[in-house]
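Have a look at the structure below, then the notes.
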Amino acid sequence: MAEGRRVLITGISGQLAGMVARALEQRDDVHEIIGIDVREPHHELQRTEFVRADIRNPIVARVLEAAAIDTVLHMSTATTPSEAGGRARMKERNVIGAMQLLAACQRAPTMRRFVLKSTTAVYGSDHADPALFREEHSAQQPAKHGFAKDVTEVEAYVRALGRRRKDIDVTLLRFANLLGARLDSAFHTLFTLPVVPTVLGFDPRLQFCHEDDAVAVMVRAATGDQPGVYNVAGDGVLYLSQCVRLAGRIAAPIPLPFVSGVANLVRRSRRGDISPEQLRFLQFGRVVDTRQLTEDFGYTPAFTTRSAFEDFVRRRRIEGLVDRQSVDRFEQELYGFLQRKGQERFLDDQRGTGR
């Protein structure tokens, strides 16, 4: 085999990272693939060598040097506190881990390309958002906590690497919500609930990226020559109400004052982990412009937003996941919570007026 790229993938135990590694294994222009993570991957990988390591550990610098790595795909950012073992550990893993990794990359003489799997969550969700977010836009209200804040900070550190090392091409890929048969995601969790919680009076516009397109974009970024920032999403939009109908689910509209409480109820039931930024997303949604992806990056997604969602529903067999009794039971829990909270607010108001 001719000499080709030497690629290091962080977070190799993740589902998308495993799919990307398998795709890279099929390419003759990729000479070596190393995956690092604290957990052993369960993917069927042939040429990918696993190294058990934490990106916060200085040993990563030795791995870069020993393997003469020229391309890094950073895919290990945790999206929820439950995934990382709490918010403090999530922050340390995402931000401190990225800083340590980037410091190692800066010192590695063979480094030529750094690709960050980022997210459109950096744009936030707000009532004053533009109809389409372009890559040069920023959030109307900068994130103050959670996943979006972490990724915004990581993006800034990655850009700084590009300024310090002019010989390293930096590519930031901002993915819309990922969907697929092999990929668990926030929306997969949402649509496996017996009923889909929505915010009363809001019907957000949504975009999705199919897992196959996500893999193709990551591979192209790793093996091509397209530095820059790119929004990655399927063409078109869907309203949340359309998604609920397409999935054959039942919507449970929640009055805005009770939304956080319902999210806590879902979290305690271990049916899902709905973060504050996801709650805002369920109010205002988010739509991005993908012209730079097609015109400058040179990739046109095979799936539109609608076809990605329809494929997700079909292959995940969403309609058959729960029976009617489960739906009724969850609805009773939900409305029991709302009734109780409504009574508490009424009593509080009565006490406040002295009646």
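The values are calculated or read from the model by the stated rules, or taken from the named source; none is laboratory data. Predicted model only: the values in this text are computed from it and were never measured. Here the Cβ positions follow ideal geometry from the backbone for every residue, glycine too, while neighbour counts run over all protein chains shown.
Looking at segment 75-103, I want the residues that are within 10 Å of residue 154 (Cβ to Cβ) and have a partner that is part of a loop (DSSP other than H, G, I, E, B) and β-branched (Val, Ile, Thr) with Cβ atoms under 7 Å, at least 6 apart or on another chain. Which pairs are those?
If the second residue must be part of a loop (DSSP other than H, G, I, E, B) and β-branched (Val, Ile, Thr), the pairs left are 94/77; 97/55; 101/55.
Which one is surrounded by the most Cβ atoms within 10 Å (Cβ to Cβ) among residues in segment 231-246 that are assigned to a strand (DSSP E or B) and more than 15 Å from the chain's Cα centre (by Cα)?
This residue is 238.
Out of the residues in segment 31-75 that are among the small types (Gly, Ala, Ser) and closer than 24 Å to residue 3 by Cα, state the one that is farthest from the chain's Cα centre (by Cα).
Narrowing segment 31-75 to residues among the small types (Gly, Ala, Ser): 35, 53, 61, 66-68.
Still in the list and also closer than 24 Å to residue 3 by Cα: 35, 61, 66-68.
On the way: 35: 19, 61: 26, 66: 31, 67: 29, 68: 29 Å.
In this case the residue turns out to be 66.
Could you check segment 163-194 and list, in sequence order, the residues that are assigned to a helix (DSSP H, G or I) and under 23 Å from the mean Cα position of the chain (by Cα)?
Selection gives 186, 187, 188, 189, 190, 191, 192.
What are the residues in segment 143-183 that are touching a Cys at 6+ places or on another chain (Cβ under 9 Å) and either of a type in the set (A, V, I, L, M, F, W, C) or closer than 19 Å to residue 102 by Cβ (or both), if any?
161, 165, 168, 175, 176, 178, 179
Condition first: over 18 Å from the mean Cα position of the chain (by Cα) and outside any loop (DSSP other than H, G, I, E, B). Now tell me which residues in segment 294-312 satisfy that.
294, 295, 296, 297, 306, 307, 310, 311
Using the structure shown, decide if residue 134 is basic (Lys, Arg), surrounded by 14 or more Cβ atoms within 10 Å (Cβ to Cβ), at pLDDT 95 or above and farther than 19 Å from residue 283 by Cα.
Yes: the conditions hold for residue 134.
Scan segment 195-213 for residues that are within 19 Å of the chain's Cα centre (by Cα) and farther than 13 Å from residue 243 by Cβ and jot them down. Walk me through how you get there before you give the answer.
Of segment 195-213, the ones within 19 Å of the chain's Cα centre (by Cα) are 204-213.
Correct list: 209, 210, 211, 212, 213.
For segment 25-50, which residues satisfy the criterion of being modelled with pLDDT of 95 or more and among the β-branched types (Val, Ile, Thr)?
30, 33, 34, 36, 48
Looking at 69, 9, which one is modelled with pLDDT of 95 or more and not in a loop (DSSP other than H, G, I, E, B)? So that I can check it myself, show each step before the final result.
Numbers: 69 fails: not in a loop (DSSP other than H, G, I, E, B).
None of the other options fit; the residue is 9.
How many of the residues making up segment 20-52 are surrounded by fewer than 21 Cβ atoms within 10 Å (Cβ to Cβ) and either outside any strand (DSSP E or B) or of a type in the set (A, V, I, L, M) (or both)?
Result for segment 20-52: 18.
Mind checking which residues of segment 195-230 are among the polar types (S, T, N, Q) and either crowded, with 22+ Cβ neighbours inside 10 Å or over 30 Å from residue 257 (Cβ atoms) (or both)?
207, 223, 226
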